[in-house]
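Computed from the coordinates by the stated procedures, all read-outs in this text should not be read as laboratory data. In this text the structure is predicted, and so the values were computed from the model without any measurement. Cβ sites come from the backbone with ideal geometry, for glycine too, and all protein chains shown count toward neighbours.
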């Protein structure tokens, strides 16, 4: 019943404030890290209304949800303070790996029902470049919300089966527990696996001077940030 009440409130808010309302409910829905807020249901419903343009819905929802996902990124940045030096070195290698394949992974997570926070929290821990993460996130969210909005004029089953829109029987508590458990599993894997040992061959290709300069700047920023973290702890 609580989930239905949330859906109704989000829908009324979006209808009242138009595309700004769509942006805000998408921002709110994506900002929620552990508790699932069913804003995609509202996007689907609004897509079926003639008063809204599905493309503009996708633009507003795509921007809002992409920005909201960075709440997980900020949580990861804060969590870096409690990570030991040994794990920070592993994070540096994962960052190197993400420079080659990160944009594709971010786009896929943004496009599909895969839980984005499982990716954005580790990105924050790695201090992955914001702009490099934001662009594929916006593109993925735009395409996802565009399909959902247009599906609102065609078939509810498309969204339920492919994009994971919550049905009436979805339990808010179960969704929260699943999200937390999955996040813990991802973080354990991220810190326990020796990524350099298993994936070094994929990132050891020669890099251009521009990439080397960028990597040097990233390391310099990380060094300053880590020094600031150590100062705060003392």
Problem set entry | Pair residue 15, residue 51: separation of 7 Å Cα→Cβ label points (nm) | 0.7
Exercise. If we sort 103-114, 38-49 on the protection proxy, mean other Cβ atoms within 10 Å, highest first, what's the order?
Worked result: 38-49, 103-114
